[in-house]
Amino acid sequence: MSSTPLASVLFVCVHNAGRSQMAAGFLDHLAGDRVEVRSAGSLPGDQVNPAAVEAMAEVGIDISAAQPKILTTEAVRASDYVITMGCGDACPVFPGKTYLDWALEDPAGKGVEAVRTIRDEIRARIEALVAEIDAKHEA
């Protein structure tokens, strides 16, 4: 990275195979090195959901090399924003962090047609998040 990132964001869902991977892909794509991006799962799956990979490829973002990772206390501690997507109380809570819970449909077991809707909702939320992070650092 050429400079210190404006913020660090951790996306968490149960399997770290769909929603959190798509969110991380969008944030990395839209914010570049302005934001440090992490994703993890409370019970990580074996691979990223193929329908999520396909849906993201349709919008020019390659998440095919991503691997589900286990949620760690260290990842939460190192993040400014912790965004959960259906993992309930699995995330440790530290003071001074911004916690957001995004109610998003789980793409597990769904075809790419259904995942496109979830993908588009995630993109809109990521665009708003990037605007919020940028605004905080312009103030």
Can Tyr99 be described as of a type in the set (Phe, Trp, Tyr) and in contact (Cβ under 8 Å) with a residue 40 or more places away in the chain?
no
Looking at the stretch 38-63, which of its residues are in contact with a strand residue (DSSP E or B) (Cβ under 8 Å, 6 or more places away or on another chain), among the small types (Gly, Ala, Ser) and farther than 16 Å from Leu27 by Cα?
Gly41, Ser42
Being more than 15 Å from the chain's Cα centre (by Cα), modelled with pLDDT of 90 or more, among the β-branched types (Val, Ile, Thr) and farther than 19 Å from Ala128 by Cβ: is that true of Thr73 here?
yes
Residues to consider are Leu6, Leu30, Leu10, Leu43; find the one that is touching a residue at least 12 places away in the same chain (Cβ under 8 Å), farther than 17 Å from Val112 by Cα and either out of contact with any helix residue (DSSP H, G or I) (no Cβ under 6 Å at 6 or more places or on another chain) or of a type in the set (Asp, Glu) (or both).
Leu43
Residue count, the stretch 118-133 (criterion: closer than 15 Å to Ala51 by Cβ and either open to solvent by less than 70 Å² (accessible area, probe 1.4 Å) or aliphatic (A, V, I, L, M) (or both)):
3
From Ser3, Ser20, residue being outside any helix (DSSP H, G or I) and of a type outside the set (A, V, I, L, M):
Ser3
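The values are calculated or read from the model by the stated rules, or taken from the named source; none is laboratory data. Source: prediction; values computed, not measured. With ideal geometry, Cβ positions are generated from the backbone for all residues, glycine too; neighbour counts draw on all protein chains shown. With ligands, DNA and RNA removed, areas are computed over all heavy atoms of the protein, side chains included. Shrake-Rupley method; radii C 1.70, N 1.55, O 1.52, S 1.80 Å.
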